[in-house]
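The block underneath contains the structure these notes are about, expressed in structure tokens.
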Amino acid sequence: MGNFVAHVLPGSTFVLLGLWWFISSVRTYRDTGSHTHRNNHGGCLETTLKLVVCVCAGIAEVVSARFSLMPSEGNDNGNDWQHVTMYLLFLATAVFDIIESKYGGPWEKVCHLSYVAAFFGEASLFFSHLHDRNILDTRCHTLVALSGFLVGASLLACYSDRSCIVRTCLYHSLVIAHGLWFLETGFILLSPVSVGVWDSDSEEHAMMTNVFFCWTYIGTVAVMVLVCGFFWRGRRGTSHQREQNQFLLNEMD
């Protein structure tokens, strides 16, 4: 379904999940001084969100394709089935989350790789999703595919050392930017409200999408740095208060 809601739904989901993972990771690292990547995945709310979004959106895409696998006259449903496949890939991550939370052990690595496969699969499907589109549409969705590929690559980098907070935060920043670019693509191409004049056949307008994409990622990283500063400031305040309390206790003794 090439409509505004079809971009907002996955975009909002990626943003929410990315923020949740990032805040959970930073809090864990602040409180314990260590971090394990998978500790912040697979929560009940997260898994439920992915199940609901993927199942409902997948069913909507199947209905949009009129339950027909092959294109017919007036029904180019190839895009719909590509969307269905994307939702199935992320549905699999929710299933592996459930298995990993129940059995643990080697399923932790399998679960991690399911995320890698989901993002790489999404990116490859988007790259073959650009036929017969104008230059603006093509550029926007190319950047969606590129950001998905970068998320998959960052996840693969985390596989060898999932305790590295820097790699994990890089992954989280890319997930958030991926979701935000989904939202921006919806507003650029299919906005229900006026957000300026976009010429679908203008190379200059297509070039501006690259600029907005870079600004999106820079803004994402800037906000994450501010959040980290807030958490670490709270940690210093708490540590200082503990030191004062300990000093008073020593004085009383």
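The values are calculated or read from the model by the stated rules, or taken from the named source; none is laboratory data. Predicted, not measured: the structure shown is a model, and the values here were computed from it. Virtual Cβ from ideal backbone geometry, glycine too; neighbours counted across all protein chains shown. Note: areas computed on protein heavy atoms with side chains; ligands, DNA, RNA excluded. Shrake-Rupley method; radii C 1.70, N 1.55, O 1.52, S 1.80 Å.
Just a yes or no: is a residue in segment 150-167 touching a Cys at 6+ places or on another chain (Cβ under 6 Å) and over 26 Å from residue 82 (Cβ atoms)?
Yes - at least one qualifying residue is present in segment 150-167.
Run residue 87 past the list (1) at pLDDT 85 or above; (2) open to solvent by 20 Å² or more (accessible area, probe 1.4 Å); (3) under 25 Å from residue 164 (Cα atoms) and report the number of the one that doesn't hold.
(3)
Of the numbered conditions (1) over 16 Å from residue 171 (Cβ atoms); (2) at pLDDT 90 or above; (3) open to solvent by 60 Å² or more (accessible area, probe 1.4 Å), residue 140 fails exactly one; give the number of that condition.
(3)
Give all pairs with beta carbons closer than 9 Å in which a residue from segment 46-62 that is within 12 Å of residue 9 (Cα to Cα) and open to solvent by less than 30 Å² (accessible area, probe 1.4 Å) meets a residue that is among the hydrophobic types (A, V, I, L, M, F, W, C) and not in a helix (DSSP H, G or I); count only pairs at least 6 apart in sequence or on separate chains.
As it stands, the answer is 57/1, since those pairs meet every condition given.
Of everything in segment 1-33, what is open to solvent by 40 Å² or more (accessible area, probe 1.4 Å), at pLDDT 85 or above and in contact with an Asp or Glu (Cβ under 7 Å, 6 or more places away or on another chain)? Give them in sequence order.
20
Going through 93, 36 one at a time, which residue ends up being at pLDDT below 85 and among the polar types (S, T, N, Q)?
Values: 93 fails: at pLDDT below 85.
Just a single option satisfies the conditions, and that option is 36.
Within segment 96-134, take every residue that is under 25 Å from residue 146 (Cα atoms) and aliphatic (A, V, I, L, M) and give me the one that is modelled with the lowest pLDDT.
130
Give the residue, chosen from 101, 124, that is open to solvent by 20 Å² or more (accessible area, probe 1.4 Å) and in contact (Cβ under 8 Å) with a residue 40 or more places away in the chain. Talk me through it step by step, then tell me what you get.
Numbers: 124 fails: in contact (Cβ under 8 Å) with a residue 40 or more places away in the chain.
Exactly one residue qualifies, and that residue is 101.
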